[in-house]
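> My questions will all concern the structure given below.
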Amino acid sequence: MKKLMSFLIMTVFILTACNSELAITEQDTVPKSVNEILGVLDSDDYVQMINDSKKDISYIVINTEGKVTVRVESKGDSILIYIDEVETENEDKKQRVFKLTRDRDYEMIELFKNDESIPFDTVAAI
């Protein structure tokens with residue numbers, strides 16, 4: 001009985017550790033494979049998505065002269081990514097990279113800039 005309880009407790013710990021959360025975080029550095037893709041993508045595109053086919057991770061790249069904050073939430077089978085951008089004067093265009101970690105499979109990713117639906121300019125895979 002003790003062995004069974006120990007086994008069950010260990011199983012719960014392992015399964016809990018394997019679960020990831022839906023999250024988006026800004027990245028200061030990215031993997032080499034992502035950098036290689038960024039080198040060939042058009043920096044004039046506003047927003048790009050690079051999917052890592054081996055993991056439940058995507059990189060959202062925003063090229064902007066403004067200040068942005070990004071948040072994510074799920075609604076049914078969709079991921080909703082909200083970009084809030086404030087235009088600034090005399091700012092150089094900056095590339096900001098965000099790592100999107102998915103907690104499960106989703107049917108759709110919807111993108112919004114200042115609450116207005118927009119498309120991804122480019123979608124690539126590594």
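> Explain nothing, just the number: dipole magnitude of region 68-126 about its Cα centre with +1 on each Lys and Arg Cβ and -1 on each Asp and Glu Cβ, in debye rounded to the nearest 20.
340 debye
> Using the Karplus curve 6.51 cos²θ - 1.76 cosθ + 1.60 with θ = phi - 60°, work out ³J(HN,Hα) for each residue of region 105-120 in order, rounded to whole Hz, and write x for Gly and Pro.
Going residue by residue, I get 7, 10, 7, 8, 10, 9, 10, 10, 10, 6, 6, 10, 5, 9, x, 6 Hz, with x marking Gly and Pro.
> Size of the dipole of region 25-126 about the Cα centre, Lys and Arg at +1 and Asp and Glu at -1 on the beta carbon, nothing else charged, in debye to 20?
Magnitude of the dipole: close to 520 debye.
None of the figures in this text is laboratory data; all of them are computed from the coordinates on show. In this text the structure is predicted, and so the values were computed from the model without any measurement. Reconstructed Cβ throughout: ideal geometry from the backbone, glycine too, with neighbour counts over all protein chains shown.
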